[in-house]
Every structure is written in structure tokens, then in C-alpha cells.
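Read the structure below first, then the notes.
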Amino acid sequence: MTGWRQFMAILRKDLIRELRTREMIISMILFVLLAMVIFHYAFGVKEDVDLTYFTGGMLWVTFIFAMLLGLNRSFAQEQDERCLDGLLLCPVDRVTIFFAKTAGNLIFLLIIQVVAVPVFTLFFVHRGYGSDIVLFVVVLLLADVGICALGTLLATISMNTRSRDLLLPIIFLPLIVPLLIAATAATTTIFATGASFGVLGTRLLFLLGFDAVFMVAAYGTYDFAIGE
Amino acid sequence: MKKLVSAPALFAAAGVLLVTGLLLAFLYSPMDASTMGYSQKIFYYHAPIAETALLAFGISFVAAILYLRSQNDKWDRLGVVSIRLGLVFSILVMATGMIWGKAAWGTWWDWEPRLTTFLLVCFLYTAYFVLRSVVDEEQRRATFAAVFAIIAFIDVPITFFATRFLPAGMHPTVITSSGTGMPGSMFVSFFISMIGMTLLLVALIRRDLGIEELRDRVADLKHSIGG
């Protein structure tokens with residue numbers, strides 16, 4: 001029970017801090033929207049070009065890069081103000097810190113997506129996917145959990161190194177590629193042709209497995225990652 | 001283990017097996033039924049190198065777990081050494097794979113699951129060394145490296161599985177759970193090459209471990225005289 005209260009306290013702290021300054025969320029949203037404009041000009045090589053089969057890739061590349069911004073920020077603040085030392089001095093299980101941080105990052109990513117997905121749909125998706133919306137949300141959530149869990153673990157490591165935010169993309173991107181492949185394939189199918197749980201079954205299971213495996217891995221190694 | 005076989009003997013045994021494997025591949029194993037002809041012979045090195053690379057990463061995974069449990073520097077050294085060698089072998093896998101690809105499919109590069117996996121593995125384990133280079137404190141460096149080595153090794157089969165979501169590749173599946181798919185004469189050459197390659201890895205790990213140990217001792221000595 002105390003674990004749950006500690007979890008909520010850390011999460012609440014992160015949310016309040018972000019909602020007061022809004023610097024992370026605003027930069028992430030702006031980044032995502034700007035990336036869409038760039039994509040339009042980068043891929044619109046001729047008039048009426050059909051970008052449908054690129055949509056999944058465009059969407060997830062944007063989210064992953066936006067998340068890199070967010071992850072760096074979420075720990076940079078902790079270190080600049082020496083918040084983390086205080087947090088580590090508290091009688092809190094290290095793993096609780098991990099889950100609270102992951103949940104915080106997940107909430108920020110979801111806020112970004114609530115803004116970005118409708119705009120993205122308006123810009124690039126020509127086929128209504130209303131009937132697949134539940135499926136789309138499931139893909140989104142499963143992929144988000146994986147991105148945030150792995151991202152939080154690696155951001156914890158990278159903030160403790162000399163090069164900090166420079167290191168995160170180098171260690172995060174190669175590890176996240178499998179999730180990116182599955183999420184992209186599933187999203188493109190939904191946007192392009194529509195799909196059912198049966199059609200995307202393997203991909204959904206894969207995403208679920210990815211989340212579970214890295215949650216367990218992070219659970220086992222976070223004590224070491226956060227250091228003394 | 002150190003007393004059991006001397007280092008030169010291990011290298012020599014690996015060399016003899018690798019040469020024997022190659023000779024058998026050309027002289028004893030049947031010619032490939034497809035149009036590849038002699039180019040197919042690269043298989044007898046390509047597949048053993050791939051398996052040895054994965055073995056090296058497996059060793060680093062075990063070493064990482066042992067390091068986190070014991071904080072003993074020797075496991076960190078084993079981790080660095082095996083990942084470095086695994087990376088060299090992975091690059092060789094890609095090189096031989098590309099040569100094979102050019103001969104068999106007429107293209108140097110194909111986004112085929114196994115080739116793609118090894119490409120990503122190369123990035124992944126290169127990142128391991130980047131991570132090591134940006135942490136100054138020794139114990140912390142070893143701990144972070146161990147955490148990353150564990151996560152990276154878990155990611156290897158996941159990556160391989162995920163690359164299957166791409167359109168099907170052209171890579172032949174020779175060894176499956178139901179058998180090796182090789183006639184006996186092919187298997188003998190392949191098996192000898194594989195043992196030779198594994199011995200080579202063991203010999204290289206042993207030699208590199210010795211070098212790393214010496215390096216650590218030199219650093220300690222320098223430190224103790226205030227250098």
C-alpha cells in the first residue's frame with residue numbers, strides 16, 4: 001500500500017511540475033506538428049502523391065523522436081535542481097521511482113498523441129478509420145508503454161553519464177527498432193486498409209510481449225541503473 | 001581452464017579445424033544444386049561465424065548478470081572482451097552475408113530478416129562502447145555497461161522476430177527445429193568449421209582477457225605511484 005502511495009506522490013510531483021511550466025509538453029507538441037509539415041514537403045514529390053503507406057512510419061518516427069526530447073527533459077530537470085538526490089534519499093524503493101517515472105512519461109506522450117493524432121489524420125489519412133478506432137488505440141497504448149518503459153530505463157542511465165542527452169538516442173534507438181517495426185506495420189494496415197484483431201493478432205501479441213519483457217528487465221536492473 | 005590447454009595450442013587447434021573444414025567443404029561436400037556453384041561454399045564460414053557472434057553476446061549476457069551479482073571486475077572484463085569480439089564477428093557475418101547475397105541473389109544488400117538483425121546488432125553493441133566511453137568512474141561504468149548488455153541481449157531475438165513483420169526475405173532456412181536440412185557430407189564440413197570457429201572465439205577471449213587484466217594492473221600500478 002505504501003508503495004502505491006509513493007508511486008502516486010512521485011507521479012503527482014512530476015505532473016504538477018510539468019503543468020506549471022509546460023515547457024516539455026509544448027516543445028514536444030510543436031516538434032510533432034513541425035515534423036508533419038516537414039514530412040509533407042519531404043514526401044510530396046509530385047502532386048496527388050498517395051502517402052497512405054508511409055503514414056504508420058511517419059507517425060511512429062515522430063513520436064519516438066518527440067519522446068527522446070521528453071525523456072531527456074524529464075531527467076535533466078531532476079538533475080539540475082538535484083531533485084534526484086533528494087528522491088534517492090527518501091525511503092522509496094528504486095523500482096517505485098521507475099514505475100512512477102514511466103507512468104509520468106506515458107501520460108505526457110498520451111497528451112501529445114491526443115493533439116497530434118487528429119491533426120495527422122486530417123493531414124495524411126484519407127480513409128476514415130472510425131470503425132478501427134478501438135484497435136488503433138490498443139496499438140497506440142501497447143507501443144507507448146514499451147517506448148516509455150525502455151526510454152525511462154535508458155534515460156536514467158544516460159543522465160548519469162558525461163554526455164547525457166547525447167547518449168540517449170544512441171542507446172535507445174537500436175533497442176526500440178523492433179517495437180517501431182511492429183507498431184508501424186500495424187498502424188499502416190489500419191490507416192490503409194482497415195484491420196481486425198485477428199489480422200493484427202501477431203503484432204499485438206508482439207507489442208504486449210515487448211512491454212512485458214522490458215518491464216521485467218527494467219524491474220530487475222533499475223536499482224543498478226539509477227546508481228547510488 | 002588456463003592450465004588445461006595452452007593458448008598457442010588453442011589457436012593452433014582452431015586453425016587446423018578451420019582449414020580442415022574449408023578443405024572438406026571444397027573437396028568432400030557436394031556442389032550446391034542451385035546455380036551458385038562454388039560461391040555457396042561461403043556458407044561453411046558464414047553460418048559458423050554467425051553462431052559464434054551470438055555465442056559471444058550470450059557470454060556477455062551471462063557475464064553481465066554475474067557482474068551485477070558480485071561486482072567483481074573480472075566479469076566486467078569478460079563482458080567487454082566478448083562484446084568486442086562478438087561485434088567483430090557480426091561485421092564478418094554481414095560481410096560474408098553480403099558476398100553470398102551478391103552471388104545468390106545478385107544484390108549486395110537485401111532487407112532480409114537475418115541480415116537486418118545483424119545490422120541492428122552491430123549498432124546496438126557499438127552503442128555499448130559509446131556508453132562505456134562516457135562514464136568516468138570505473139564501477140559505475142561497469143554497472144551501466146552490464147545493465148545495457150543484459151537489455152541488448154534480450155533485444156536480439158526480439159529484433160529477429162520483429163524483422164519477420166517485413167515482407168518475406170530470400171535467406172534460405174537451413175537449420176530448423178526439425179533437422180539440419182543438410183546431407184551428411186555437408187554437415188561434417190559445416191560442423192568442423194563451427195567447432196573451429198568456436199575454438200577461435202574461446203582462444204581470442206582468453207588472449208584479450210589477459211590483455212585487459214594487464215591493462216588494469218598497469219592502471220593500478222600507475223595509480224599507486226601517483227601517476
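The values are calculated or read from the model by the stated rules, or taken from the named source; none is laboratory data. Keep in mind it's a predicted model, so treat the numbers as computed, not measured. All Cβ positions, even for glycine, are placed from backbone atoms using ideal geometry, and neighbour counts span all protein chains on display.
Is it the case, given these coordinates, that residue A:189 is more than 9 Å from chain B (Cβ to nearest Cβ), of a type in the set (Ser, Thr, Tyr) and touching a residue at least 60 places away in the same chain (Cβ under 8 Å)?
yes
Pick out the one residue from A:165, A:211, A:223 that is under 15 Å from the mean Cα position of the chain (by Cα) and surrounded by fewer than 22 Cβ atoms within 10 Å (Cβ to Cβ).
A:211
Can you confirm whether residue A:69 is surrounded by 12 or more Cβ atoms within 10 Å (Cβ to Cβ) and in contact (Cβ under 8 Å) with a residue 60 or more places away in the chain?
No, not satisfied.
I'd like to know if the range A:47-57 contains one or more residues that are closer than 30 Å to residue A:100 by Cα, exposed (fewer than 15 other Cβ atoms within 10 Å of the Cβ) and touching a residue at least 60 places away in the same chain (Cβ under 8 Å).
Scanning the range A:47-57, I find no residue that is closer than 30 Å to residue A:100 by Cα, exposed (fewer than 15 other Cβ atoms within 10 Å of the Cβ) and touching a residue at least 60 places away in the same chain (Cβ under 8 Å), so the answer is no.
Within the bounds of the range A:61-74, is there any residue that is among the hydrophobic types (A, V, I, L, M, F, W, C) and at pLDDT below 85?
No: the range A:61-74 contains no residue that is among the hydrophobic types (A, V, I, L, M, F, W, C) and at pLDDT below 85.
For the range A:21-38, which residues satisfy the criterion of being modelled with pLDDT under 90 and over 16 Å from the mean Cα position of the chain (by Cα)?
Passing the criteria: A:21, A:22, A:23.
Yes/no per residue for (1) in contact with a Phe, Trp or Tyr (Cβ under 8 Å, 6 or more places away or on another chain); (2) at pLDDT below 95:
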| site | (1), (2) |
| --- | --- |
| B:72 | no, yes |
| B:81 | no, no |
| B:86 | yes, no |
| B:128 | yes, no |
| B:147 | yes, no |
| B:157 | no, yes |
| B:168 | no, yes |
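Of these, B:49, B:65, which one is surrounded by fewer than 21 Cβ atoms within 10 Å (Cβ to Cβ), among the hydrophobic types (A, V, I, L, M, F, W, C) and under 28 Å from residue B:154 (Cβ atoms)?
Only one candidate passes the filter, namely B:65.
Here is a list of conditions, (1) surrounded by fewer than 24 Cβ atoms within 10 Å (Cβ to Cβ); (2) closer than 20 Å to residue A:222 by Cβ, and residue B:147 meets all of them except one; can you say which number that is?
The number of the failed condition is (1).
Pairs only if they're at least six apart or on different chains, beta carbon under 6 angstrom, first in the range B:205-227 and within 25 Å of residue B:53 (Cα to Cα), second modelled with pLDDT under 90 and not in a helix (DSSP H, G or I); list them, first residue then second.
none
Filter the range B:124-140 down to residues that are surrounded by 18 or more Cβ atoms within 10 Å (Cβ to Cβ) and assigned to a helix (DSSP H, G or I), then give me how many there are.
Residues meeting the conditions: 6.
Kindly provide the set of residues from the range B:135-147 that are without any contact (Cβ under 8 Å) to a residue 24 or more places away in the chain and within 7 Å of chain A (Cβ to nearest Cβ), ordered by number.
B:135, B:136, B:140, B:144
In the range B:114-134, how many residues are at the interface with chain A (Cβ under 9 Å from one of its Cβ atoms) and basic (Lys, Arg)?
Qualifying residue count for the region: 0.
Restricting to the range B:102-117, give me the number of residues that are in contact (Cβ under 8 Å) with a residue 60 or more places away in the chain and either in a helix (DSSP H, G or I) or out of contact with any helix residue (DSSP H, G or I) (no Cβ under 7 Å at 6 or more places or on another chain) (or both).
4
Being closer than 15 Å to residue A:62 by Cα, of a type in the set (A, V, I, L, M) and surrounded by fewer than 22 Cβ atoms within 10 Å (Cβ to Cβ) is the requirement here; does residue A:117 meet it?
yes
Quick check on the range A:148-155. Is at least one of its residues free of Cβ contacts under 8 Å to residues at least 12 places away in the same chain and among the aliphatic types (A, V, I, L, M)?
no
Go through (1) outside any loop (DSSP other than H, G, I, E, B); (2) over 17 Å from residue B:163 (Cβ atoms) and name the single condition residue A:197 misses.
Residue A:197 satisfies all of (1) outside any loop (DSSP other than H, G, I, E, B); (2) over 17 Å from residue B:163 (Cβ atoms) except (1).
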